[in-house]
Amino acid sequence: MDKNELRTQKLLIGIFSILLTVVLVIVAGVEAKKSTETKPVIEVTGVNKRCVSCHTEKGIAVKAIDQWKESQHAIKNIGCIDCHKAEKGDFDAFYCPDSDILVGRHPTPKDCAECHQQQVEEFAQSKHAHQFWIIKNDDRSIFEPTITTRHGCEQCHNISIVWPDKSVGECDACHPKHTFSRAVARQPETCGECHIGPDHPHIEIYLESKHGNIFRAKEKQMNLNYASKDLKKIPIEVPTCATCHMDGNETQPSTHNVSARLAWESQAAWSYRTVWLQDKLGDWTIKRARMEAICKSCHAPEFVETYFLTADLVNLQYNELRRVFVYWVKKLNKNGLIKELEANGKKYSDVVLNGWDEEPEHLMYHAWHHEGRRFRHGAIMMGADYTQWHGIWELQNDLVELIRWAAEHGDPEAKQWVNSRHPSKFMPYPIYDIPGNAWGINPLANKVPFLYVNYDDYWDRVYQNVKYAYEKGLLSEKQWQLWLKRYNNKEHYLGTKYNADSVYNYYLQLNAIDTKAMNEQVVNMQLPGKPFYQPRPGVIAGPSEKVIKQQLGRKEEKYSPESGTK
Amino acid sequence: MNEKNLIDFRKIKQAILDEPIPMHMKNWFYALGVTPFILFIFQVLTGILLTIYYVPSPELAYKSVKYITEEVRLGFWIRGLHRWGSNLMVVAVFLHMVRVFFTRAYRRPRELNWIIGVLMFFITLGLCFTGYSLIYDQLSYWATTVGTNMIKEIPIFGSLFLHLLRGGEIVSVNTLTRFFNLHVIFLPTSLLMLIALHIILVRVHGVSQLEGIEDDEVYKFYPEHVYHGAIIALFLLTVMSALTVVLPPGIGEPADPNVTPLHIKPEWYFFAIYFVLKYVPLKLGITLMLIFLIIMTFWPFIDELLRKKFPQVKWHYILGSIVILLFLIFTVYETVSY
């Protein structure tokens, strides 16, 4: 081997060694990087390529393309035309400008159903699909201008838009176009786009509940993008709205029918057990069992059942309040104190539902549509503040105001109520109750309330009411047995058989110290400077004469005609 | 026989440490044979550490790899070393083969050692392939699926091999346990034995001289050549650690046999084969591959025949360069195309 040959050999080995090392390490590096990337590879093919390039070029809805690229559709090669395809004569068909591509402007549930048939069918059988009804009825249309209804009521109630192709619904109300993200659909704020505000503050109730609180604390660690598979464990540790109302777990299939697990019609003026599609979905007990099965993924069965039983009694209690409201407005109407709106012989309001121009009608409406719902929905979804202050407290206020209005307008019965000094005057209706609550035994909680203490037959009356509700089918056999279990051992559940007086006395002492401090610090304090307004007849409180004179003097100096000319 | 003669340490020392090494081996390009061996040792050590947490079951494989990568202290480093070690081992084997091929070090009497080397190369790729499949994320699951699909195309025994490897129709729990066994027991043990045989044969034949140029001088295996190895080991550890930090091992979505990703591809060392199989009819592709493997395995004899027939043509330069260039082009094409 000559020297040249050796040089060639060395050169070849050197070049190829370096080339292989450099190129292959870079290739390995690129591949390693790809394996850490979570962004999937998107391929745009066929007609979609034309859509994307033309839209990008013309700058029309370019963001929609980016959003689509994030979607599962893009990963699975489902492109623009798969959803936007149209046939001649379709209500939304049009030719894309400068092209021969016929597209549908509004993909409807009919289009979605080509792949997601089950979901679309489930949705169509849910109360979400029934929301157009409210637009049709439009009870506010006489109270507010139509243009506000367009962007007010309709924006949310469009979730059940009835399309010219006769399909019902708006899938992207929850799955935003064009990502159609599961994670966004599961985000509580998605439901909260509509389920918010004074009439049904569901997002507020959720966020004030323990569920919402834990969700907020942990949401960054949770991936809401999971596929909810039938008979699989719920993969997140705290529920969002969708978890309870839609997701599947070990025992429940997932569903797009949000009504499949609801036992009440508690948005209505009266709380009544749902009969929504019960031939398909089963009666309310079956729907409740579905919901309980989800709750029991995390909670003990007895906790869940007691919690719901208590919330059910809140719903029933609401009806008794409403009965009193209805009694009063009907009476006032009968006596000619309030009147329905009328034109051309047709009535445009209803005193028990939606009157607008008289105080009792407003109170009546709010007691159902706002505080009445808050009271009930707060109870069923762990929003204590909504059951209490935004709920029953305002309901009771409405009732007091209504009766007071009647008294002011001469109703003798109302006057009698106003003049009554008996503490039970605020309970002009029968009541429901349950011994204790779902969370524990509290020996101190049940010693003070007026009714417990002053009516020996308190629990007898409650027993009769609960039993009657059970016999009417408003409570299930299982619930009645659970209630009886507590009733028969109420000293335990109420905590009255336990003595925690020593603890009570300790805090009583602390209370006394607090009260004393409050009295000493502020209650008995009187400031030396006099107030400016003194409501004594004939005396006008104001600046002292001396001060007035001084002020007048200065003004005269300032504005005297001479001062300016001298 | 006295005790002194029972074990003659001096002779053993001489046999192991005083092996004469030709002077040309001081050039780094000629000293890369030890690199795959060093990497193999690293792989064994990091592999043992990984098995402490790894669970070879479809439910837990992905989770345990994720746990190793994200939770275990220094887990990402160990996994990174193992991953980069496997990548570099393939590169190191290539480099060693380039040197051996272009220097025609496979020539008589070392034909058998070349064949053993080729076998070790396949086992290395087998280790990489089985190791990648153990991650059990979408990429790895479907790479395993397409990888094993290729086996089916092997004439006559294809279906049998496929069934034997997968333990069923699809990649499943049986495949995972079989691959785990192959990856941690069968293949490493085989490789270790072949490495031993390879080194013994090197020692028996002596380190090969450059063709036509006998080095006048030699130096002893210890200390200089041993230190060469030590430097390479430290260098590799540094490089692998750096690569792990810059490009840490990732993990994708968990494997889902029901969802086929849009693009499935094997690990990069199979890109060239994948490229060929993609662009020529499958049967033809498999046949080409088999022909290539046969030529590669028996190259020392083929080369000898060719040299006799065409003494002027440097077949090994021509073929070697073409194969390397094609390999690089196909690999890079597949890398940049997705």
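Kindly establish whether A:Ile81 is assigned to a loop (DSSP other than H, G, I, E, B) and away from every other protein chain (no Cβ under 14 Å). No; evaluated as a whole, the condition is false for this residue. Residues that are over 26 Å from A:Leu444 (Cα atoms) and open to solvent by 80 Å² or more (accessible area, probe 1.4 Å) within region A:508-521 comprise A:Glu520, A:Gln521, listed in sequence order.
You will find that of A:Val503, A:Val466, A:Val462, the residue that is surrounded by 10 or more Cβ atoms within 10 Å (Cβ to Cβ) and more than 34 Å from the chain's Cα centre (by Cα) is A:Val503 and no other.
Taking region A:26-36 only, how many residues are within 7 Å of another protein chain (Cβ to nearest Cβ) and open to solvent by 40 Å² or more (accessible area, probe 1.4 Å)? Before the answer, list the steps.
Pass one, region A:26-36, residues within 7 Å of another protein chain (Cβ to nearest Cβ): A:27-33, A:35-36.
Those left that are additionally open to solvent by 40 Å² or more (accessible area, probe 1.4 Å): A:30, A:33, A:36.
Residues in region A:26-36 being within 7 Å of another protein chain (Cβ to nearest Cβ) and open to solvent by 40 Å² or more (accessible area, probe 1.4 Å): 3 in total.
Which numbered condition in (1) touching a residue at least 24 places away in the same chain (Cβ under 8 Å); (2) among the basic types (Lys, Arg); (3) away from chain A (no Cβ under 14 Å) is the only one that B:Lys278 fails? Among (1) touching a residue at least 24 places away in the same chain (Cβ under 8 Å); (2) among the basic types (Lys, Arg); (3) away from chain A (no Cβ under 14 Å), the lone unmet condition for B:Lys278 is (1). Restricted to region B:50-84, and to residues there that are outside any helix (DSSP H, G or I) and touching a residue at least 60 places away in the same chain (Cβ under 8 Å), the residue that is nearest to the other protein chains (Cβ to nearest Cβ) is B:Pro58. Of all residues in region B:232-241, none satisfies being more than 14 Å from chain A (Cβ to nearest Cβ), among the aliphatic types (A, V, I, L, M) and more than 21 Å from B:Ile41 (Cα to Cα). Looking only at region A:38-54, decide whether some residue is of a type in the set (Asp, Glu) and either under 30 Å from A:Val168 (Cβ atoms) or open to solvent by 70 Å² or more (accessible area, probe 1.4 Å) (or both). No: region A:38-54 contains no residue that is of a type in the set (Asp, Glu) and either under 30 Å from A:Val168 (Cβ atoms) or open to solvent by 70 Å² or more (accessible area, probe 1.4 Å) (or both). Which of the residues belonging to region B:135-146 are surrounded by fewer than 22 Cβ atoms within 10 Å (Cβ to Cβ) and either more than 13 Å from chain A (Cβ to nearest Cβ) or under 27 Å from B:Leu95 (Cα atoms) (or both)? Once the filter is applied, which keeps residues that are surrounded by fewer than 22 Cβ atoms within 10 Å (Cβ to Cβ) and either more than 13 Å from chain A (Cβ to nearest Cβ) or under 27 Å from B:Leu95 (Cα atoms) (or both), region B:135-146 yields B:Thr145, B:Val146.
Filter region B:96-134 down to the residues that are over 30 Å from B:Gly80 (Cα atoms) and among the polar types (S, T, N, Q), then identify the one that is nearest to the chain's Cα centre (by Cα). Per the criteria, the residue is B:Asn113.
Looking only at region A:466-520, count how many residues are assigned to a helix (DSSP H, G or I) and in contact (Cβ under 8 Å) with a residue 24 or more places away in the chain. Number satisfying all stated conditions: 14. If you filter region B:309-335 down to residues that are without any contact (Cβ under 8 Å) to a residue 12 or more places away in the chain and surrounded by 15 or more Cβ atoms within 10 Å (Cβ to Cβ), you find that the one that is farthest from the other protein chains (Cβ to nearest Cβ) is B:Leu319.
Looking across region B:99-112, the residues that are open to solvent by less than 20 Å² (accessible area, probe 1.4 Å) and either modelled with pLDDT of 90 or more or outside any helix (DSSP H, G or I) (or both) come down to B:Thr103, B:Arg104, B:Ala105, B:Tyr106.
The values are calculated or read from the model by the stated rules, or taken from the named source; none is laboratory data. Fair warning: this is a prediction, and the values are worked out from it, not measured in the lab. As a convention, Cβ positions derive from the backbone with ideal geometry for all residues, glycine included, and neighbour counts pool all protein chains shown. With ligands, DNA and RNA removed, areas are computed over all heavy atoms of the protein, side chains included. Shrake-Rupley method; radii C 1.70, N 1.55, O 1.52, S 1.80 Å.
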